[in-house]
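See below for the structure under consideration.
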Amino acid sequence: MIKVSVVGAKGRMGSHVVDAVNNADDTELALALDAGDDLAQITPDNTDVVVEFTVPSVSLDNVLALVAQGVDVVVGTTGWTEEKLDQVRAALAAAPCEGQSVFIAPNFAISAVLADYFAKVAAPYFESAEVIELHHPNKVDAPSGTAFHTAQGIAAARKAAGLGPVPDATETDGGSRGQVVDGIHVHAVRLRGLNAHEEALFGNDGEQLTIRADSFDRISFMPGVLLAVRKVATGSYPGVTVGLDNFLDL
Ligand SMILES: NC(=O)C1=CN([C@@H]2O[C@H](COP(=O)(O)OP(=O)(O)OC[C@H]3O[C@@H](n4cnc5c(N)ncnc54)[C@H](O)[C@@H]3O)[C@@H](O)[C@H]2O)C=CC1
Ligand SMILES: O=C(O)C1=N[C@H](C(=O)O)C[C@H](O)C1
């Protein structure tokens, strides 16, 4: 059995992870902690893998503490930058146990992971590209971590293909053109009734392609979370790994 502790266990995602861990045949719940609880309770003796779903403002500190305590971590919280990833890499280099892992996924839903992948495949073939993400209004960060990642992937694929900037004659913008991530405009919608949705839009003269992923329920993230827990528990992924696509045969 893989012993799993959950940090952020009372949250929308964390509470689903607690249920998923309790219901899977090969995982058992060790500790379920939330804000105010002492993370030092988590040790290699009681926990094989920690799943962390909190808020972007605290996730880095949680991960650094957990790495120093000698446990592997699967992270779903958003807000990761290259600078933060470098801090985690440095912490892992000084970690107490050999081969420790931190796995971070912008999105654990197979629909979103595939949309992100297909967007990278499509990107070199279109002059225009933009990303729209649509979420529930309780979400604290915008744009979504997934949309940020998708825009970065589109931009990298365009650059590798030798494409220039996307065409855009806008001269005045009060914010309606969205956040620009590596040259790709990203728009965020917050609407009651939504859960997690994303569109990658591509255009050429006379044609368009839209790649859309819809996650209607948070249970959609659970197979991906359990896959990551199982992969990390093998000990075969030392260091920092970003993206569930690393565990899929794409
Ligand atoms: N990677 C993925 O597939 C997904 C990622 N997310 C991301 O996961 C994060 C959490 O989302 P939700 O569960 O909707 O948020 P939420 O607000 O429902 O839950 C966050 C939980 O973290 C707890 N928390 C806050 N500070 C803490 C601390 N210092 N230590 C321990 N617990 C602490 C809160 O009390 C709360 O229970 C967000 O960044 C969200 O964007 C959400 C859905 C899917
Ligand atoms: O906060 C959410 O709900 C979600 N957050 C992640 C993100 O920001 O990409 C993943 C998914 O979109 C749901």
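Annotation: for a label point projected 7 angstrom from Cα along Cα→Cβ of Asp205, residues of the stretch 102-138 with backbone N closer than 15 Å are 126-128.
Database remark: amide H of Thr27 closer than 5 angstrom to the amide H of Ile2 (H placed geometrically; neighbours at sequence offset of 5 or more, or on other chains; Pro and chain starts carry no H).
If you take every DSSP beta bridge fully contained in the chain, what fraction is antiparallel? Give it as a percent rounded to 5. It would help to have the intermediate numbers written out before the result.
Values: 20 of 46 bridges.
Restricted to the chain, the bridges split so that about 45 percent are antiparallel.
Placing unit charges on the Cβ atoms of the charged side chains and taking the dipole of the chain about its Cα centre, the candidate lying farthest along the positive direction among Ala65, Thr54, Ala160 is Thr54.
Across the stretch 158-170, coupling constants 3J(HN,Hα) worked out from phi with the 6.51/-1.76/1.60 Karplus curve, θ = phi - 60°, read 5, 4, 4, 8, x, 6, x, x, 5, x, 6, 8, 4 Hz, and Gly and Pro carry x. Taking every C-alpha pair closer than 8 Å and separated by at least 6 residues, the mean separation divided by the residue count of the stretch 1-149 gives a relative contact order of 18 percent. The angle separating the long axis of helix 82-93 from the principal Cα axis of greatest extent in the chain is about 30 degrees.
The calculated FRET efficiency for Asp249 paired with Ala156, based on their beta-carbon distance and R0 = 22 Å, is about 0.55. What the phi angles of the stretch 180-187 give under the Karplus curve with 6.51, -1.76 and 1.60, with θ = phi - 60°, is a coupling list of 9, 10, 6, x, 9, 6, 10, 10 Hz, glycine and proline written as x. Specify the angular offset, from 0 to 90 degrees and rounded to the nearest 10, of the alpha carbon long axis of helix 110-122 from the longest principal axis of the alpha carbons in the chain. It is inclined by approximately 40 degrees. FRET efficiency for the Leu85 to Ile219 pair, using the beta carbon distance and R₀ = 25 Å, is estimated at 0.30.
How high is the FRET efficiency from Ala35 to His136, r the C-beta distance, R0 30 Å, rounded to 0.05? Please report the intermediate quantities before stating the final value.
On the way: r = 20 Å, r/R0 = 0.67.
The computed FRET efficiency comes out at 0.90.
Between 0 and 90 degrees, the angle of helix 222-233 with respect to the longest Cα principal axis of the chain falls at about 60 degrees. Ordered by the count of other Cβ atoms within 10 Å of each Cβ, fewest first, Glu28, Glu82, Glu199 give Glu82, Glu28, Glu199.
Per residue, the average separation of C-alpha pairs within less than 8 Å and at least 6 apart gives the stretch 106-206 a relative contact order of 45 percent.
For the pair the stretch 68-109 and the stretch 178-192, the centres of their Cα atoms are 26 angstrom apart. The 3J(HN,Hα) values that the Karplus relation (6.51, -1.76, 1.60; θ = phi - 60°) gives for the stretch 95-100 are, in residue order, 6, x, 10, 6, x, 5 Hz. Gly and Pro appear as x.
Values in this text are rule-based calculations from the coordinates and carry no lab data. None of the values given here were measured: they were computed from a predicted structure. All Cβ positions, glycine included, derive from the backbone under ideal geometry; neighbour counts span all protein chains shown.
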